[in-house]
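Heads up: the structure comes next, in structure tokens.
What follows is calculated from the coordinates using simple rules that are stated; it is not laboratory data. Source: prediction; values computed, not measured. A quick note on method: Cβ atoms are made from the backbone with ideal geometry, for glycine too, and the neighbour counts reach across all protein chains shown.
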Amino acid sequence: MGTSFTTFQGKGFWANDGILEVWLYLLASEINSILDVPDWLAQAQDEWLMMAQIGLTGSIHANLDGLLTTPQKKEQVIKLAQQTTTSLEAYGPLLSPEMLNAMDIGGTGSYFTRDVETDLFLQIGRAFVSLLKGELSTDSSTSPTLSLIT
């Protein structure tokens, strides 16, 4: 399984592709709770779902620089990411393979075979929020890889 770098304004973090795909799927799904979704956010949702489900290796990206072109857009996605982490916490310590496989993550033939610790996805969510808030100082050469499945 590969790793991909999530970047925003020159900073970012490396993450396991499968875990990042689930995070993007859940983030995109959180948009369904919004009434009157603006066009730019609908575009983000489409892009994030495609990245989650297309099955790329080492090339998963959230296109944050392209999508979050104003402070208001950035703030809305921070709020969505925080809501997504809250929703994840409510699932408990483990996500079942049945739940994860229902997301159709990772392209044809990809599937989870066992429970996965919710904390792996929460690591991505917390890093995502920190990145958007400008609190993350790592770049592609200094970031450790988050959420390694062992």
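Summary of values
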| quantity | calculated |
| --- | --- |
| Any hit, the stretch 34-51, residues being of a type in the set (Val, Ile, Thr) and buried (at least 19 other Cβ atoms within 10 Å of the Cβ) | no |
| Pairs where the first residue, in the stretch 52-77, is of a type in the set (A, V, I, L, M) and the second is surrounded by fewer than 18 Cβ atoms within 10 Å (Cβ to Cβ), C-beta under 6 Å, 6+ apart | 54/107 |
| Residue within the stretch 21-31 that is farther than 28 Å from residue 142 by Cβ, among the acidic types (Asp, Glu) and touching a residue at least 40 places away in the same chain (Cβ under 8 Å) present | yes |
| Residue count, the stretch 80-104 (criterion: of a type in the set (Val, Ile, Thr), touching a residue at least 40 places away in the same chain (Cβ under 8 Å) and over 15 Å from residue 117 (Cβ atoms)) | 1 |
| Enumeration of residues in the stretch 1-44 that are of a type in the set (Val, Ile, Thr) and assigned to a strand (DSSP E or B) | 3, 6, 7 |
| Positions within the stretch 58-90 being over 14 Å from the mean Cα position of the chain (by Cα) and surrounded by 13 or more Cβ atoms within 10 Å (Cβ to Cβ), in sequence order | 67, 68, 73, 74, 75, 76, 89 |
| When residues of the stretch 69-115 are limited to those that are touching a strand residue (DSSP E or B) at 6+ places or on another chain (Cβ under 7 Å) and among the hydrophobic types (A, V, I, L, M, F, W, C), the one farthest from residue 33 (Cα to Cα) | 94 |
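Yes/no per residue for (1) within 27 Å of residue 42 (Cα to Cα); (2) outside any loop (DSSP other than H, G, I, E, B):
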position	(1), (2)
59	yes, no
65	yes, yes
74	yes, yes
79	yes, yes
88	yes, yes
137	no, no
